[in-house]
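The values are calculated or read from the model by the stated rules, or taken from the named source; none is laboratory data. On a predicted model such as this, the values are computed, not experimentally measured, just so you know. Cβ atoms come from the backbone with ideal geometry, glycine included; neighbour counts cover every protein chain shown.
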Amino acid sequence: MSKDLLDKGYEPKAVEQKWYAYWEKEGLFSAADSSDRTPFSIVIPPPNVTGVLHMGHALNNTMQDILCRYRRLKGGNVLWMPGTDHAGIATQNVVERKLAQQGRDRHELGREKFIEAVWKWREEYGSAIINQLKRLGASCDWERERFTMDEGLSRAVRTVFVKLFKQGLIYRGMYITNWCPRCRTALSDLEVEHEELDGHLYHIQYPLADGSGAVTVATTRPETMLGDTAVAVHPDDERYANLSCDEVILPLMDRKIPIIRDAYVDKAFGTGALKVTPAHDPNDFEIGQRQKLPSVKVIGEDGTMTDDAGRYTGLDRFACRKAVTADLKKQGLLVNMEDHKHGVGHCYRCKSIVEPNLSRQWFVDAKTLAKPAIEAVESGKTRIIPESWAKTYFDWMYNIKDWCISRQIWWGHQIPAWTCRSCDELMVAMEAPGQCVKCGQRDLIQESDVLDTWFSSALWPFSTMGWPEKTELLNTFYPTSVLVTGFDILFFWVARMMMMGIHFMGDVPFRDVYVHALVRDEEGKKMSKSKGNVIDPLNVIDQYGTDAFRFTLAAFAAQGRDIKMSERRVEGYRHFINKLWNAARFSLMHLDSGWEKIDEAHISLPDKWILSRLDEVSSKVAEALEEYRFNEAAGTAYQFVWHEFCDWYLEAVKPVLYDQAEGPSRTATMQVLWTALKDILILLHPFAPFVTEEIWEKLPGTAGSIMKAVWPQPAAYVADIRQLGQARTEMDLVMALITGIRNIRGEMNIAPSTKLDVAVASGRNSVRQTVEMHHGLISNLARLNTLQVQDNDDRSATAATAIIDDATLLVELKGVVDFGQEAQRLEKEIGKLTKELAGVDKKLSNQGFLSKAPTQVVAEVREKQTALSEKRQKLEATFQKVKSFIS
RNA sequence: GGGCGGAUAGCUCAGUUGGGAGAGCACCGGCCUUACAAGCCGGGGGUCACAGGUUCAAGCCCUGUUCCGCCUACCA
């Protein structure tokens with residue numbers, strides 16, 4: 001007996017802390033810069049420094065950790081590169097809010113001091129999310145942790161910026177962009193969230209300049225009319241073909257503006273006349289460019305009306321809308337106002353309504369960079385999994401627009417561009433130029449804008465590995481093996497990494513992109529603070545343990561399907577973890593050493609069977625993991641451990657361990673039990689790292705961490721693998737017989753404590769032999785008093801019957817049960833069989849089936865027909881006997 | 001407007017070359033059997049959304065319909 005017994009139940013808390021610290025201390029997460037072992041690499045989607053671990057992180061990182069731990073067990077040199085993202089706007093907002101609490105703001109501090117304050121904030125709070133990832137068990141190579149604003153990555157950012165500028169792939173210009181008046185910065189198209197809102201469509205009359213009439217335009221944003229510089233109609237629109245005048249008077253502003261013809265206008269919409277505001281609408285901006293119209297900016301950067309807004313100057317944009325509408329009404333120019341639903345853009349960070357606004361911004365020529373990134377996925381150099389996401393990727397990439405990368409905030413990578421104050425020359429360089437390259441003046445000012453956060457994230461797969469240096473790390477681990485990510489950042493991040501990776505590294509950033517689903521609440525709703533349905537992963541971990549939580553995530557992570565999370569589900573998997581714990585507890589009661597080899601000559605049927613199953617299951621789990629079918633991997637392991645190892649193997653082994661005298665066959669069973677438990681721990685380790693490590697330590701004969709173990713190869717334990725296959729057939733029969741007896745016991749309400757007398761009749765030698773050989777096993781698991789084997793149908797009239805394959809099971813009921821009940825049971829069974837048989841008969845009477853189906857399929861169905869009808873015949877005979885016995 | 005995904009047992013969902021409809025939970029019955037009552041043994045339960053089509057054979061392939069969810073878009 002082992003001295004080192006496990007406690008009665010598994011207590012995760014202390015165990016988790018202990019092992020995580022140990023793993024880190026022992027450097028078990030460290031990748032080798034170069035090695036003979038097969039490289040496997042993942043870069044973490046860097047969470048925001050402001051982040052708090054949510055379900056999305058938990059799922060995303062659990063998957064990555066499962067893959068990494070699996071590859072280590074497979075002998076790989078694994079790099080899981082961790083880090084955090086400086087998250088420009090988000091972080092700036094957080095620090096600004098903190099300042100606001102002290103009644104201060106960033107302008108009062110000034111840029112330099114404010115940035116200092118952000119760094120300080122980061123020092124203090126920035127590692128929260130990292131610590132939370134550790135609680136999840138994430139086996140990242142923490143010594144290599146990076147930050148998108150650290151020295152090396154900032155240099156990579158500048159290098160990329162300068163190169164792209166020199167290649168003409170970055171440019172600066174006055175364009176219309178999405179503007180958040182709250183954050184006071186431009187946003188990329190992706191950073192705008194569209195939401196359907198109930199608004200109005202305002203129909204406004206613009207009088208013709210010669211007083212001969214009016215043109216009616218329609219708009220959802222009447223305040224923008226103050227900046228109108230034209231009214232456009234379609235060139236073919238007959239309604240406007242013969243106007244007496246080419247100008248209208250812009251109401252409220254009393255400005256003459258031209259009527260122009262532009263094919264963009266949809267004749268069928270409204271009156272067919274469109275007001276054109278080049279400074280505040282992207283389409284109007286384009287019309288303005290085409291038609292050389294002036295732009296009048298009437299909404300300012302803070303969302304209030306500018307000096308060009310006439311008497312509305314200084315009004316908030318929404319107040320202005322009301323005022324304009326009221327004034328138009330007064331003048332009788334608002335001819336109609338109808339309800340209108342339309343999509344309104346909101347800032348993805350602060351949810352304010354976004355204004356399209358004209359400003360000078362920096363852009364990346366995305367179309368050029370997208371081409372090779374499309375090609376890489378089309379050619380399969382990078383696989384997107386599940387495949388359906390590839391289509392989404394293509395759709396976006398084919399229609400990609402230039403990427404606005406400048407942000408008017410302070411926290412981020414300041415754009416490395418300088419302007420000469422005397423001659424206006426623009427210089428882009430790695431470091432501040434000493435003097436103007438054109439006029440030699442020394443008075444230069446740096447561009448105040450910073451780069452979009454996603455600009456630095458786009459470089460993540462190579463910047464974290466030391467680029468632009470040519471490092472050993474890049475050489476070993478780039479392209480990375482797989483990127484695991486949610487679909488919500490497919491465009492934000494994945495597409496841009498593809499573009500930058502290919503452009504600067506000459507190769508794709510990852511071989512596979514695995515796109516996982518969303519974690520939702522119990523009812524399938526998106527979790528959100530406002531709905532109050534957020535489940536905190538840390539809370540779940542506290543309550544149920546990390547392993548149970550991870551197993552739940554894996555078990556429900558079917559490809560392409562969202563995960564509905566609830567604590568009740570986690571509870572179910574906590575039961576599983578506990579089951580494993582207790583199986584180990586049982587095993588450890590009987591094991592006091594480990595073994596290198598198994599004494600093949602003395603292993604029993606259940607021993608062979610479990611080794612054979614272990615072999616199958618470990619390959620199946622491996623295969624599933626390699627294809628990112630996490631749910632299948634987890635489900636297979638779960639089913640095997642609980643319902644095969646625990647329910648059958650451990651039960652089968654009990655009599656040997658408890659009752660059998662010491663000797664070679666008892667030792668052989670102990671060897672197999674040890675081996676099976678050891679391999680099960682390894683198999684489960686990627687999913688449940690903590691409990692498996694804890695048991696591993698207690699298991700005799702294992703040295704060091706389970707993280708250094710090798711993925712199971714049970715077939716290697718026996719020389720002759722074929723005997724394992726034969727064992728499967730025999731064990732299947734044994735299990736079927738036992739189940740058959742238990743079934744009768746259950747159906748007939750015979751107490752488990754009542755030992756039964758059973759006979760097995762079969763015309764087949766092999767069947768009789770198997771039963772005789774495993775007499776003890778069957779008697780034990782089915783709780784029998786006696787077990788007879790016979791080659792004929794001779795039977796007691798008082799026996800219950802079941803047909804198992806080629807065997808007839810006769811369970812003696814005399815004195816145990818009444819026969820009316822047995823007759824009922826048989827009748828039910830016959831009914832089932834008859835139904836099943838009818839289906840098979842129908843198939844076999846179908847000429848088409850016989851002539852066209854593959855012969856193998858026909859043969860199978862024929863066999864089934866024979867088996868079923870034989871079985872029915874036997875049961876029918878028994879039924880008649882039982883009936884006659886009653887009457 | 002375009003696109004994608006879903007609809008299978010009371011609930012949540014698996015079901016990958018078209019040939020047996022499954023799991024977990026819940027439910028019912030029986031068990032404190034010396035690892036585990038967070039457990040063990042057994043059981044009931046489904047026109048695989050609807051309508052067609054292809055096929056000897058369809059939960060699976062094709063077409064259409066309904067409902068739900070999501071992504072995306074410059075129609076004022």
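Against the list (1) crowded, with 20+ Cβ neighbours inside 10 Å; (2) within 16 Å of RNA strand B (Cβ to nearest atom), the condition residue A:312 fails is (2). The requirement of being within 16 Å of RNA strand B (Cβ to nearest atom) and either among the polar types (S, T, N, Q) or in a helix (DSSP H, G or I) (or both) is satisfied by residue A:370.
Among the residues making up the range A:218-233, a single one is over 16 Å from residue A:312 (Cβ atoms), out of contact with any helix residue (DSSP H, G or I) (no Cβ under 8 Å at 6 or more places or on another chain) and part of a loop (DSSP other than H, G, I, E, B): A:220. In a strand (DSSP E or B) and either away from RNA strand B (no atom under 15 Å from the Cβ) or surrounded by fewer than 21 Cβ atoms within 10 Å (Cβ to Cβ) (or both), is that true of residue A:375? Judged against the criteria, residue A:375 is not a match. Restricting the search to strands (runs of 3 or more DSSP E) fully inside the range A:764-875 and requiring at least 2 residues that are over 18 Å from residue A:736 (Cβ atoms) gives A:784-790.
For the range A:135-163, residues that are within 22 Å of the chain's Cα centre (by Cα), of a type outside the set (S, T, N, Q) and surrounded by 20 or more Cβ atoms within 10 Å (Cβ to Cβ) total 4. If we scan the range A:544-557, do we find a residue that is at negative phi and surrounded by fewer than 21 Cβ atoms within 10 Å (Cβ to Cβ)? Checked against the condition, which is being at negative phi and surrounded by fewer than 21 Cβ atoms within 10 Å (Cβ to Cβ), the range A:544-557 yields no hits at all.
Of the residues that make up the range A:206-219, is at least one on the phi > 0 side of the Ramachandran plot, more than 16 Å from RNA strand B (Cβ to nearest atom) and surrounded by fewer than 19 Cβ atoms within 10 Å (Cβ to Cβ)? Yes, the conditions are met somewhere in the range A:206-219.
Condition check ((1) crowded, with 19+ Cβ neighbours inside 10 Å; (2) in contact with a Pro (Cβ under 6 Å, 6 or more places away or on another chain); (3) among the charged types (D, E, K, R)) across all residues:
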| position | (1), (2), (3) |
| --- | --- |
| A:7 | no, no, yes |
| A:17 | no, no, no |
| A:49 | yes, no, no |
| A:53 | yes, yes, no |
| A:89 | yes, no, no |
| A:93 | no, no, no |
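Looking only at residues of the range A:520-572 that are hydrophobic (A, V, I, L, M, F, W, C), more than 11 Å from RNA strand B (Cβ to nearest atom) and touching a strand residue (DSSP E or B) at 6+ places or on another chain (Cβ under 9 Å), we find that the one that is modelled with the lowest pLDDT is A:527. Scanning the range A:694-719 for residues that are part of a helix (DSSP H, G or I), in contact (Cβ under 8 Å) with a residue 60 or more places away in the chain and surrounded by 23 or more Cβ atoms within 10 Å (Cβ to Cβ) gives A:694, A:695, A:714, A:717. Among the conditions (1) closer than 30 Å to residue A:444 by Cβ; (2) assigned to a strand (DSSP E or B), the only one that residue A:345 does not satisfy is (1).
Within the range A:409-428, the set of residues being in a loop (DSSP other than H, G, I, E, B) and surrounded by fewer than 15 Cβ atoms within 10 Å (Cβ to Cβ) comprises A:421, A:422, A:423, A:424. Residues of the range A:732-749 that are within 8 Å of RNA strand B (Cβ to nearest atom) and not in a helix (DSSP H, G or I): A:749 alone. Summed over the range A:241-270, residues that are near RNA strand B (Cβ under 9 Å from one of its atoms) and within 26 Å of residue A:318 (Cβ to Cβ) total 2.
Answer with yes or no whether residue A:411 is within 16 Å of RNA strand B (Cβ to nearest atom) and either touching a residue at least 60 places away in the same chain (Cβ under 8 Å) or among the charged types (D, E, K, R) (or both). In short, no.
Could you tell me whether any residue of the range A:818-834 is near RNA strand B (Cβ under 9 Å from one of its atoms), among the basic types (Lys, Arg) and over 24 Å from residue A:785 (Cα atoms)? Yes: one or more hits. Listed conditions (1) within 30 Å of residue A:560 (Cα to Cα); (2) near RNA strand B (Cβ under 10 Å from one of its atoms) are all met by residue A:626, apart from (2). Here residue A:588 meets each of (1) near RNA strand B (Cβ under 8 Å from one of its atoms); (2) out of contact with any Phe, Trp or Tyr (no Cβ under 9 Å at 6 or more places or on another chain) with one exception, condition (1). Scan the range A:297-312 and tell me whether some residue there is among the small types (Gly, Ala, Ser) and under 17 Å from residue A:235 (Cβ atoms). No - not one qualifying residue is present in the range A:297-312. Residues that are farther than 13 Å from residue A:287 by Cα and touching an Asp or Glu at 6+ places or on another chain (Cβ under 7 Å) within the range A:228-257 comprise A:244, A:245, A:250, A:252, A:256, A:257, listed in sequence order. Going by the conditions given, is residue A:322 surrounded by fewer than 20 Cβ atoms within 10 Å (Cβ to Cβ) and either at positive phi or in contact (Cβ under 8 Å) with a residue 40 or more places away in the chain (or both)? No, not satisfied. Of the numbered criteria (1) within 12 Å of RNA strand B (Cβ to nearest atom); (2) within 27 Å of residue A:749 (Cα to Cα), the one residue A:838 fails is (2). When the range A:397-408 is filtered for residues that are buried (at least 16 other Cβ atoms within 10 Å of the Cβ) and either assigned to a strand (DSSP E or B) or within 13 Å of RNA strand B (Cβ to nearest atom) (or both), the ones remaining, listed by number, are A:397, A:400, A:402, A:403, A:404, A:406, A:407. Screening A:197, A:201 for residues that are in contact with a strand residue (DSSP E or B) (Cβ under 6 Å, 6 or more places away or on another chain) and more than 10 Å from RNA strand B (Cβ to nearest atom) leaves exactly one candidate, A:197. Taken over the range A:842-887, the criterion of being touching a strand residue (DSSP E or B) at 6+ places or on another chain (Cβ under 6 Å) and either away from RNA strand B (no atom under 16 Å from the Cβ) or among the aliphatic types (A, V, I, L, M) (or both) is satisfied by A:874, A:878. On the basis of being aliphatic (A, V, I, L, M) and either near RNA strand B (Cβ under 10 Å from one of its atoms) or in contact with a strand residue (DSSP E or B) (Cβ under 7 Å, 6 or more places away or on another chain) (or both), does residue A:598 make the cut? Criteria not met by residue A:598.
Summed over the range A:197-217, residues that are touching a helix residue (DSSP H, G or I) at 6+ places or on another chain (Cβ under 9 Å), closer than 13 Å to residue A:231 by Cβ and not hydrophobic (A, V, I, L, M, F, W, C) total 2.
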